[in-house]
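The following block contains the structure, expressed as structure tokens.
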Amino acid sequence: MIILGLDPGLGCTGWGVIRAEGNRLSHIANGQVRTDARAPLAERLAKLHEALGEVVAEYRPGGAAVEEVFVNDNPQSTLKLGQARGVVLLAAAQAKVEVGEYAPRLVKKALVGTGAADKNQVHAMVQRLLPGAQIAGADASDALAVAITHAHHLASARRGVAA
């Protein structure tokens, strides 16, 4: 199954595409969608939607996974993140791709073994699980981590059904 992982952000949304065959994972592609902070909000959201639509059309994922919004100290930043996340979910839904949603602590725990892992630990594990992948940046690495988490959860669910 091809899985699209998404790390939403208004300034930069990371995306990563992996193939999951049982417990075997392989990297297909990754990247980042950046928007101009000086552009109007609606224009930034439209650019994000268009770019993600192109990613979905090119890689045709069988599933997608999105990191859940965390609430930070600045309510305006949280709202903008929520709007970007809505666009990310819309892009997947329009393509009829089922989406799993994962809390950042769950992603960290799935990859590193602790929900308190830092970004460097997550990035190192992504590189270990997807050897040879040229990762476009921190947001793309986070998106790949979300995709890997989704692959692991799908595999666990299949094992549970088989048992």
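Suppose the Debye formula is applied to equal point scatterers at every Cα of the range 23-110; what is log10 I(q)/I(0) at q = 0.11, 0.14, 0.16, 0.24 Å⁻¹?
Those come out to -0.36, -0.58, -0.75, -1.39, one per q.
Name the trypsin sites (Lys or Arg not before Pro) in the range 1-54 that are in a loop by DSSP and that have at most 13 other C-beta atoms within 10 Å, would you? Intermediate results must be reported in sequence, preceding the final value.
Values: sites: Arg19, Arg24, Arg34, Arg38, Arg44, Lys47; in loops: Arg38.
Within the range 1-54, the qualifying trypsin sites (Lys or Arg not before Pro) (loop, at most 13 other Cβ atoms within 10 Å) are Arg38.
In whole angstrom, how long is each semi-axis of the equivalent ellipsoid of the chain, when you take the square root of 5 times every eigenvalue of its Cα gyration tensor and sort them from largest down? Don't skip to the end; give the middle numbers.
Numbers: eigenvalues 121, 62, 44 Å².
Computed over the chain, the values are 25, 18, 15 Å.
Using the Kirkwood radius built from alpha carbon pairs, what does the Stokes-Einstein equation give as D for the range 77-116 at 37 °C and 0.692 mPa s, in µm² per second?
Details: Rh = 11.7 Å.
The Stokes-Einstein estimate is 281 µm²/s.
Whole Å is fine, so just give me how far the alpha carbon centre of the range 66-86 lies from that of the range 136-158.
Here the answer is 20 Å between Cα centres.
Just from the alpha-carbon atoms, what are the Rg and Dmax of the range 79-154 in angstroms?
13.1, 36
Moving to a separate point now. Label points 7 Å out from Cα along the Cβ direction at Glu68 and Gln127: separation in nm?
Reported label-point gap for Glu68 and Gln127 is 3.0 nm.
Suppose each label sits 7 Å from its Cα in the direction of the beta carbon; what would the Ala42-Leu90 distance come out to in nanometres?
Here the answer is 1.2 nm between the modelled labels.
No value in this document is a laboratory result; all are computed from the given coordinates. Computed from a predicted model, the values in this text were never measured in an experiment. Counting neighbours? That spans all protein chains shown, and the Cβs are built from the backbone with ideal geometry, glycine included.
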